[in-house]
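K.L.:
Starting off with a structure, shown below.
Read-outs throughout are calculated quantities, based only on the coordinates presented, and are distinct from any laboratory measurement. Note that the structure is a prediction, hence the values are computed from the model and not measured. Cβ placement follows ideal geometry from the backbone for every residue including glycine, while neighbour counts extend to all protein chains displayed.
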Amino acid sequence: MSSVGRLDILKKALGIGVVTRKYPYVRVEPPEGFRGKPIIDPDKCLGCGACAEACPPKAISTEDSQEEGARYVKIFYGRCIFCGMCADVCPANAIELSKEFELASKERNDLYLVIKVPMVKCSVCGKYFTTAPLLLKSLENVPEHLRPIMTVCPECKSKLSSRFTSFARRVGS
Amino acid sequence: MRSQVTEVAKKLKAFGEVYVRDGVVKVVTDEDRLKDLILYMLQSLNARLATTVGVDTRVLTHNYRVIHIFSIDDLKIYVLVELKVPKERPAVRSITPLIPGADWSEREVRDLLGIEFKGHPTKEYLIRRPKLWLEHAYPLRKDYPHSKKVLVPSPQYDIEPTKGFSVAIGPYHPALHEPEHFELVVDGERIVEARYCGFMVHRGIEKLGESRLDIYQIPFIAERICGICGFTHSVAYTQAVESALGIDPPERAKYIRSILLEIERVHSHLLWFGVLFHVLGFDTGFMNVWRIREPVMELAELLTGNRKTYGVNKVGGVRRDIDESKVKKVKEVVNRVRKEFTELIDKFLNLSEVIERTKGVGVLEVSDAKKLCVVGPNARASSIDIDTRRDHPYAAYPNAEFKVPVSDGCDVYSRALVRRDEILESLSIIEQLVSDLPKTPLSVEEVPFKELSEGVGATEAPRGENVHYVITGRSRKLFRWRVRAPSYANIPSLLYMLRGQHLADAPAIIASIDPCFSCTDRVLVINLRYGTKRYVTLRKLRSLGE
């Protein structure tokens, strides 16, 4: 039995031939829906930070620069686990998981993707407090008479509203 | 079945307060009644210990808790036996003298939480390395910060000399290239005694899950517990959380989970066959089996977006659908793999050199297997008929027809036969489920959150039963997350299998349980070097069962 088995195995092996692919000399194309390197589209990014919130390994972070008046959204591919949560939560569909998977690099800095999103100044205190695209997007959902107050930062807003309340109380009493 | 469960619950009332919830019976007992309770469960309920969990509940109730999780396969339930442990000088009665399978998990609780087990036969640490660890560093206690290291900054290693001639295998595994260490004491060519020293890979996953991550992020790290059967961990975790929160995921999600779990089983078993043939020196078999495995990996890539770490699971459902074109592809691959596998595997397994190297080698007697609470193909090859898919039905398995292959050879060869049949069963399950995908949403719309609710999730991983236990905490985080991977239950049985065998057979025997050291080491803290302590000896382990 076993000697026949051996011949069969040999015959089979000869029939199959070579199956090893000559990667990396011959490229291998991943299938549709492959979860590779996540890429942020700078034109679509609102800078809202939802991706940074959702990212399980905290590979995405946001940083505000008051001097430059801009928010930086950073992906560090060294931490990325390619789960695609960022793409799932992005309200602007700005993140896409590409088919790129060869990310090895000798330079740590090559593993960062940084997006710069312009910010808006508070009309009261002059501090940068939110990003311009995010403000524009939220304006769509705000009734017209409230729109001017949208350029006021949360701290100034709370100060203003407390002043209004105390004024109203005084008037009321 | 339901009436039987209520009857059992009634009987258990003699031993303490009893709470019943879908599939889980909880008994809150005390030390005096513990022994009688365990004996009752072992003798009349045919209970099998899954694991022991230690919980630091000092912030809630001013005590620790120790929970023994038992599986009662005949009744399809898990029984949790809870003991309260005083805050000052925490100590509780050990159950290892009654169930040798509790040895590791009790010592783990002792090492990581500092709870003493009175009457435990072994004084040796399992995980803690006395000279390498800071004193009084119990990382799973709630007041221990997750970012604090337990290792002494510059430790002194000393390796104790052993009597006789000993052969060290590891810290890199002869078969699977993972760090763990076997010390085999040999007399000529025969192994007299075997020692195991594992827990060298530090990841601290349980602590991380309890401290930094929220319940939605943990599925991704659960998936990374194992590099081969990760998806089963993420399913077990989500099931545990869903059971704690009272969520029932939609049918389609369950089907997709089952399909992916079976794809994972097929690839894992094929990988195992390759490894077995490789350690036997039969590389033709190795190459051919892995060639057959490749389309399975590509199928997983197509369905999930990655060859491994599928990342499609979430609490309350799944994230990715299987559409019609993919269904067609699945059927194609299943047929192809089945054809190629059946064509070759019997020829390989009938080769005289394979038979001689595996038949009668690495025997694990039925009684030893029961005593040590082994799981999966390892148990089924020793004629213990357990399979979580059938005994604790989950996902879409109640809707699929399948057999549970069992063999009574108790040796490496039977383990191969069991896995061969399982691959064919899995292929049939995939075919059944994929042609019958129900049309429901992929996940529940909203996940309600309940504080301090507990849940058990179990899956049948390729290597055996995989148990996750969770207690939910505050603000969408977990209070406690306990993982019991199948290799954790299976590795102690290796010491029984290796005794009296030829040294040359050791790699095949070790490989035969498909050990996964990264699973087993998930909570642990030591890296690189072994040494410093005497390990549990075979004689000691044996004496536990006598």
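K.L.:
Which of the GluC sites (Glu not before Pro) found in region A:92-137 are loop residues per DSSP with 10 or fewer other Cβ atoms within 10 Å of their Cβ? Don't skip to the answer; put the middle values down first.
P.N.:
Working: sites: A:Glu96, A:Glu100, A:Glu102, A:Glu107; in loops: A:Glu100, A:Glu102, A:Glu107.
For GluC sites (Glu not before Pro) across region A:92-137 that sit outside H, G, I, E and B with at most 10 neighbouring Cβ atoms in 10 Å, the list reads A:Glu102, A:Glu107.
K.L.:
Compute the relative contact order of region B:175-239 as a whole-number percentage, counting only Cα pairs closer than 8 Å that sit 6 or more residues apart in sequence.
P.N.:
Relative contact order for region B:175-239 comes out at 19 percent.
K.L.:
Looking at region B:17-147, what % of its DSSP beta bridges pair antiparallel, to the nearest 5?
P.N.:
Looking only at bridges with both residues in region B:17-147, the antiparallel portion is about 75 percent.
K.L.:
Another question, if that's okay. B:Asn63's amide H: which non-local residues (gap 5+, or another chain) put their own amide H closer than 5 Å, with H modeled 1.01 Å from N in plane and none for Pro or chain starts?
P.N.:
B:Thr57, B:Arg58
K.L.:
If packing is taken as the average count of other Cβ atoms within 10 Å, what order do A:15-22, B:459-466, B:430-437 fall into, highest mean first?
P.N.:
B:459-466, B:430-437, A:15-22
K.L.:
A further question follows. Determine which lysines satisfy two conditions relative to A:Lys11: a Cα distance under 26 Å, and not lying fewer than 8 residues away in the same chain.
P.N.:
Leaving aside lysines fewer than 8 places away in the same chain, those within reach of A:Lys11 are A:Lys22, B:Lys339, B:Lys347.
K.L.:
Moving on. Over chain B, what relative contact order in percent results from Cα pairs under 8 Å that are six or more residues apart?
P.N.:
In percent, rounded to a whole number, it is 20.
K.L.:
Moving on. In the neighborhood of B:Gly246, defined by Cβ-to-Cβ distances under 14 Å, what is the net charge if each Lys or Arg adds +1 and each Asp or Glu adds -1?
P.N.:
Summing Lys and Arg as +1 and Asp and Glu as -1 gives -4.
K.L.:
Run the reach check for B:Lys148 against lysines, Cα to Cα strictly under 16 Å, same-chain hits fewer than 8 apart removed. What comes back?
P.N.:
List returned: B:Lys207.
K.L.:
Could you tell me the distance between the Cα centroids of region B:181-246 and region B:255-313, to the nearest Å?
P.N.:
A separation of 20 Å, based on Cα centres.
K.L.:
For the protein assembly as shown, state the semi-axes of the equivalent ellipsoid (square roots of 5 times the eigenvalues of the alpha-carbon gyration tensor), sorted largest first and rounded to whole angstrom.
P.N.:
Working: eigenvalues 421, 230, 135 Å².
Rounded to whole Å, the semi-axes are 46, 34, 26.
K.L.:
Give me the one-decimal nm value for the distance between modelled label points at B:Lys35 and B:Glu298, 7 Å along each residue's Cα-to-Cβ direction.
P.N.:
6.3
K.L.:
Oh, and also: State to the nearest 20 debye the size of the charge dipole of chain A about its Cα centre, where the only charges are +1 on K and R beta carbons and -1 on D and E beta carbons. Mind dumping the intermediate values first?
P.N.:
Working: 26 positive and 19 negative charges, 72 e Å.
Dipole size: approximately 340 debye.
K.L.:
Give me the one-decimal Kirkwood hydrodynamic radius in Å for region B:308-422, with the sum taken over alpha-carbon pairs.
P.N.:
Result for region B:308-422 stands at 16.9 Å.
K.L.:
Neighbouring Cβ atoms within 10 Å as the yardstick, rank B:Tyr394, B:Tyr40, B:Tyr196 fewest first.
P.N.:
Working: B:Tyr394 21, B:Tyr40 17, B:Tyr196 24.
Lowest to highest Cβ neighbour count: B:Tyr40, B:Tyr394, B:Tyr196.
K.L.:
So, one more: Pop the C-beta distance of A:Ser123 and B:Lys450 into the FRET formula with R0 = 41 Å and round what comes out to the nearest 0.05.
P.N.:
Taking R0 as 41 Å, the efficiency between A:Ser123 and B:Lys450 is 0.40.
K.L.:
Could you tell me whether region B:182-292 comes out rounded, prolate or oblate from its Cα gyration tensor? Rule is a ≥ b ≥ c as square roots of the eigenvalues, rounded for a/c under 1.5, then prolate if a/b exceeds b/c, otherwise oblate. Please list the in-between numbers first.
P.N.:
Values: a/c = 3.17, a/b = 1.53, b/c = 2.08.
Since a/c reaches 1.5 but b/c is at least a/b, the shape of region B:182-292 is classed as oblate.
K.L.:
While we're on this one: Under 1.5 on a/c is rounded, so check that first for region B:1-160, then, if it is not, pick prolate when a/b is larger than b/c and oblate when it is not; a ≥ b ≥ c are the square roots of the alpha carbon gyration tensor eigenvalues. Write down the numbers at each step before the final one.
P.N.:
On the way: a/c = 2.47, a/b = 1.95, b/c = 1.27.
Judged from the Cα gyration tensor, region B:1-160 comes out prolate (a/c at least 1.5, a/b above b/c).
K.L.:
log10 I(q)/I(0), Debye, Cα-only chain B, no solvent, q = 0.07, 0.09, 0.11 Å⁻¹?
P.N.:
Cα-only, vacuum Debye calculation for chain B: -0.37, -0.64, -0.98.
K.L.:
Rounded to whole Å, give me the distance from the Cα center of region B:390-461 to that of region B:89-140.
P.N.:
Going from one Cα centre to the other spans 33 Å.
K.L.:
If each Cα of region A:79-127 is one equal point scatterer, what is log10 of I(q)/I(0) from the Debye formula at q = 0.23, 0.25 Å⁻¹?
P.N.:
These q points yield log10 I(q)/I(0) values of -1.02, -1.11.
K.L.:
Among A:Ala54, A:Ser65, A:Gly36, which residue has its Cα positioned farthest towards the positive end of the charge dipole of region A:30-168, with +1 placed on the Cβ of Lys and Arg, -1 on the Cβ of Asp and Glu, and the dipole taken about the Cα centre?
P.N.:
Working it through, the farthest residue towards the positive pole turns out to be A:Ser65.
K.L.:
Over all directions, the average projected area of the alpha-carbon convex hull for region A:30-168 comes to how many nm²? If you can, show how the numbers build up before the last one.
P.N.:
Working: hull surface 42.2 nm².
Hull-based average projected area comes out at 10.6 nm².
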